[in-house]
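Data block below; observations after.
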Amino acid sequence: MTGSPAGRVLALLERVQERPGLTAPRLADDLGVSERTVRRYVAVLQDLGIPVAAERGRGGGYRLEPGYRMAPLTLTTDEAVSITLALAVVNGPADERMSAGEAALSKLVRALPRDVSERVAGVLSAVTPPRRGPFAVGAPDPAILTALTAGVVRRRVVRVRHRPDRGEPTSREINPYGVVVLRGHTYVHGWCHLRRARRTFRLDRIERVDVLEQEFRAPAALDVTAAVERSLAMSWTEYDVAVLVHAPLADVEPHFARHVALCERVDDETTRLRLTTRNLDTTVLRLSAHPHPMTVDGPPELGEAFERLARRLGAAAGAEAPSDRS
């Protein structure tokens, strides 16, 4: 069984509720985890106040204490979906230990009515967990995040007040296609009505979100994470960089994260790297992180930056090179 630890904890609870007496070996086999992990998941449920008891001996196993029922929550379906999606985005992928946020998510989903929890489960199963790591500017504002995820789930246009890195704040209407956590920042990607194109916005630069009644249709099979990474690679305005790497695409791609550069096949033996940048000297260091020969395609200033780096490296090698010995 695949999925996040939070999902496997919920699956364990469902099995214990539906089939009391399941043993640790049987649960471990069903969930695709070790017996030790099963015991850890049971401890998590007990810490949440869910009375899972272990009975020993013939016919023993895990079961809930008689008469135990979780109280339902007074949330609408859209509210439940939005809140759980927001928690999933903030939590990121988990390891064997359950965080406080994951525990809250587990407890929330278990408390929902069945029809609501089924829709929530469907939404969560479609969300690719973001990569774990500390937030560069702190966790996103829950009100902003919850409003945006409501727009994503309900396919509703949202009006945002966006404060750019440079310039004055603007009011924009966007079709939010998805929310992604990447490199310590949280982004929303969607269609910007003002620019009439797809755009990516950092959540810490969004000051207000209003969910409108207008509905939209999202592009089919859109990889939102890949779209955000592409936006980041091409988001700067000073220099448009292109380099020809004389190696097959499959050999070049592993050396460059998608948010750093776009790798495009030219032919069987050539790959083009494209990106934008404000700092050419930093860019040449990133572009040099592979073993293949390459040629600058543009701009001319990039060639000059490579020459500066070559002189620095040559000077360093000359100063530190050992003397020849016969």
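What follows draws every value from the coordinates through simple rules; no lab data is involved. Note that the coordinates shown come from a computational prediction; the quantities given were computed from them, not determined experimentally. Ideal geometry is used to build each Cβ from the backbone, glycine not excepted, and the neighbour counts take in all protein chains shown.
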Report task. Pull up all non-local amide H partners of Met294: gap of 5 or more, or a different chain, and H-to-H distance under 5 Å with H placed in the peptide plane. Result -> His246
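Using Cβ contacts closer than 10 Å as the measure, can you line up Glu229, Glu173, Glu55, Glu215 from fewest to most?
Details: Glu229 22, Glu173 17, Glu55 13, Glu215 10.
Exposure proxy ranking, most exposed first: Glu215, Glu55, Glu173, Glu229.
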Report task. Step through the residues of region 287-300 one at a time and calculate ³J(HN,Hα) from phi using the Karplus curve (6.51 cos²θ - 1.76 cosθ + 1.60, θ = phi - 60°), rounding each to whole Hz and writing x for Gly and Pro. Result -> 6, 8, 7, 6, x, 9, x, 8, 10, 6, 9, x, x, x
Report summary line: Distance in nm between Ala197 and His246 label points, each 7 Å along Cα→Cβ, equals 3.4 nm
Requested in this report: Please give the length that would be gained between Glu307 and Ala220 if that part of the chain were fully extended, namely 0.36 nm times their separation in residues minus their C-alpha to C-alpha distance (nm, one decimal).
Outcome: 26.8 nm
Query raised in the report: From the square roots a ≥ b ≥ c of the eigenvalues of the alpha-carbon gyration tensor of region 234-319, which class results: rounded (a/c under 1.5), prolate (a/b over b/c), or oblate?
Result: oblate
Report summary line: Pseudo-spin-label distance Glu18 to Thr237, built 7 Å along Cα→Cβ, given in nm, is 5.5 nm
Query raised in the report: What residues qualify as long-range amide H neighbours of Leu182, i.e. H under 5 Å apart, gap of 5 or more or another chain, H built at 1.01 Å from N?
Result: Tyr187
Query raised in the report: So what are the three principal axis dimensions of region 5-64 from its Cα atoms, in whole Å, longest to shortest?
Result: 30, 25, 20
Report task. List every residue whose amide H lies under 5 Å from the amide H of Leu22, counting only residues 5 or more places away in sequence or on a different chain, with H placed 1.01 Å from N in the peptide plane. Result -> Tyr62
Query raised in the report: Roughly what would the spin-label model give for Arg36 and Ala143, points 7 Å off Cα along C-beta, in nm?
Result: 4.6 nm
